[in-house]
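**Student:** If you scroll down you'll find the structure; I have some questions about it.
The values are calculated or read from the model by the stated rules, or taken from the named source; none is laboratory data. Being a predicted model, the structure only gives us computed values, none of them experimental. Positions of Cβ are generated from backbone atoms using ideal geometry, with glycine treated the same way; all protein chains shown enter the neighbour counts.
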Amino acid sequence: MARRKRPLVPGARGALDQLKAQVMEKQGYQVDKEHPENVKYEVAEERNVPLKKGYNGTLTSHQAGKVGGPIGGNMVKELVRMAQESLNKK
């Protein structure tokens, strides 16, 4: 079953990719500014997860979480930090 990963807000993909690049750079990863989504391959390699381009249906949910968790988790932490900073300014 193929799913399209698209943001709820149309046009937000660019900003989300920019946030991902910024957050993962802070974590010490090499991020390609043109394709920040490719950082997942570096995270997968570091965590010994056999992620490859194309079909990855053989990965377990545990393996997928080892890759997506650190990326998404760090993005959420950054968004919370930004929201708190914004509230403190008011």
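**Student:** Please tell me if V76 is exposed (fewer than 12 other Cβ atoms within 10 Å of the Cβ) and either polar (S, T, N, Q) or over 15 Å from the mean Cα position of the chain (by Cα) (or both).
**Tutor:** no
**Student:** For the stretch 58-71, does any single residue satisfy the condition of being surrounded by 14 or more Cβ atoms within 10 Å (Cβ to Cβ), part of a helix (DSSP H, G or I) and among the basic types (K, R)?
**Tutor:** yes
Yes/no matrix, rows are residues, columns are (1) under 14 Å from the mean Cα position of the chain (by Cα); (2) closer than 25 Å to M82 by Cα:
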| site | (1), (2) |
| --- | --- |
| G14 | yes, yes |
| V43 | yes, yes |
| P50 | no, no |
| G54 | no, no |
| A64 | yes, no |
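**Student:** Any idea which of (1) part of a loop (DSSP other than H, G, I, E, B); (2) touching a residue at least 60 places away in the same chain (Cβ under 8 Å) is the one K5 doesn't satisfy?
**Tutor:** With respect to (1) part of a loop (DSSP other than H, G, I, E, B); (2) touching a residue at least 60 places away in the same chain (Cβ under 8 Å), K5 is out only on (2).
**Student:** Take the conditions in a loop (DSSP other than H, G, I, E, B) and at pLDDT 90 or above and apply them to G11. Does it pass?
**Tutor:** Spelling it out, it is not the case that G11 is in a loop (DSSP other than H, G, I, E, B) and at pLDDT 90 or above.
**Student:** Something else now. Out of the stretch 15-34, which residues are part of a helix (DSSP H, G or I), over 11 Å from N74 (Cβ atoms) and either acidic (D, E) or touching a His at 6+ places or on another chain (Cβ under 8 Å) (or both)?
**Tutor:** Answer for the stretch 15-34, where residues must be part of a helix (DSSP H, G or I), over 11 Å from N74 (Cβ atoms) and either acidic (D, E) or touching a His at 6+ places or on another chain (Cβ under 8 Å) (or both): just D17.
**Student:** If you don't mind, another one. Of the conditions (1) at pLDDT below 90; (2) within 13 Å of the chain's Cα centre (by Cα); (3) assigned to a loop (DSSP other than H, G, I, E, B), E37 satisfies every one except a single condition; which number is it?
**Tutor:** Every listed condition holds for E37 apart from (3).
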